[in-house]
Amino acid sequence: MSTPAADLDVLLDRFRQALSDISLSEAEARQLRPHVLAFGQQGGDLAQLRRQVFQLAKTQTETPLDKAIITWLTGATALLPAEATPITQTEVHFSPGEACIGAIRRFINQAERTLDVCVFTVADDRLTEALLAAHRRGVRVRLLTDNDKLFDGGSDVRQLHQAGIPVRTDRTEYHMHHKFAVADDALVLTGSYNWTRSAARYNLENVLITNDPAAVRPYAQAFGKLWAEMQAFEA
């Protein structure tokens, strides 16, 4: 997106005024900061602004050495990103076999603060124990699950609820068929994998785990919406 020339000129005038006494006071910095932020949010070219600000400083230098240093500094800072770019990490696993169950257990075990689980059912004691262990170590665990699957013989949902983990279920005749979890609002786990023994032993399933904010954010928002809509489970 191109930078509106008028907006850039106005902002440069503000920097020029701040430069007039060859000093940038704390008060001047406070006044400039919201204008720079708004400029960037409105699509302004911050890299171009940075170059122009360095050029302003260069006009106030006198010796060739000073000018050379400003030129070098302009080029050096252009190499630095405006903000740290997060490293996206993604892993994918398939079943039958131990890959999916192992990945889910690691995901649960790595949670430090919060663990929001939204699954069709929980019917694998290995995952049940991992959830209980997270709860015992102080992680806020919340579980959304399908109301009909509560009556399955292998369901561990009642055990989790009795241990103090909040559980909510859907209110409809249809299925709450999601299979995802969000840890610390920073990682999401999703895929076709049902949290059951048969999924590990026999089924063709998949699990994906990523820290990509573009994926984590909508899953976290979906969980929050469902949590508000669903009813608390009472054994």
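The values are calculated or read from the model by the stated rules, or taken from the named source; none is laboratory data. Owing to the predicted nature of the structure, the values given are computational and were not obtained by experimental measurement. Don't worry about glycine lacking a Cβ; one is built from the backbone with ideal geometry, like all the others, and counts go over all protein chains shown.
The rows are residues; the columns are (1) out of contact with any Leu (no Cβ under 8 Å at 6 or more places or on another chain); (2) surrounded by 14 or more Cβ atoms within 10 Å (Cβ to Cβ).
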| site | (1), (2) |
| --- | --- |
| Asp13 | yes, no |
| Gln17 | yes, no |
| Asp21 | yes, no |
| Pro34 | yes, no |
| Phe39 | no, yes |
| Pro64 | yes, no |
| Thr74 | yes, yes |
Of the conditions (1) in contact with a helix residue (DSSP H, G or I) (Cβ under 7 Å, 6 or more places away or on another chain); (2) free of Cβ contacts under 8 Å to residues at least 24 places away in the same chain, the single one that Leu131 does not satisfy is (2)
Residue pairs qualifying under the 6 Å Cβ cut-off, at least six apart or on distinct chains, with the first in the stretch 182-198 being at positive phi and the second being assigned to a strand (DSSP E or B) and at pLDDT 95 or above, are Asp184/Thr114; Gly191/Asn206; Gly191/Val207; Gly191/Leu208
Taking the stretch 199-235 and keeping only residues that are surrounded by fewer than 13 Cβ atoms within 10 Å (Cβ to Cβ) and among the acidic types (Asp, Glu), one is left with Glu229, Glu234
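Which count do you get for residues in the stretch 136-145 that are out of contact with any Lys or Arg (no Cβ under 9 Å at 6 or more places or on another chain) and either under 15 Å from Ala199 (Cα atoms) or surrounded by 17 or more Cβ atoms within 10 Å (Cβ to Cβ) (or both)?
1
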Here, strands (runs of 3 or more DSSP E) confined to the stretch 162-235 with at least 3 residues that are in contact with a Gly (Cβ under 7 Å, 6 or more places away or on another chain), modelled with pLDDT of 95 or more and not basic (Lys, Arg) are 205-210
Gly102 vs (1) over 24 Å from the mean Cα position of the chain (by Cα); (2) surrounded by fewer than 21 Cβ atoms within 10 Å (Cβ to Cβ); (3) outside any loop (DSSP other than H, G, I, E, B); (4) not aliphatic (A, V, I, L, M): all pass except (1)
**Asked** Is it true that Val182 is in the same structural domain as Cys100 (by the TED database), farther than 21 Å from Arg106 by Cβ and surrounded by 19 or more Cβ atoms within 10 Å (Cβ to Cβ)?
**Response** no
The condition of being in a loop (DSSP other than H, G, I, E, B), over 18 Å from Trp227 (Cα atoms), more than 23 Å from the chain's Cα centre (by Cα) and not charged (D, E, K, R) holds, among Gly153, Gly138, only for Gly153
Restricted to the stretch 108-135 and to residues being within 24 Å of the chain's Cα centre (by Cα) and part of a strand (DSSP E or B), the residue surrounded by the fewest Cβ atoms within 10 Å (Cβ to Cβ) is Thr114
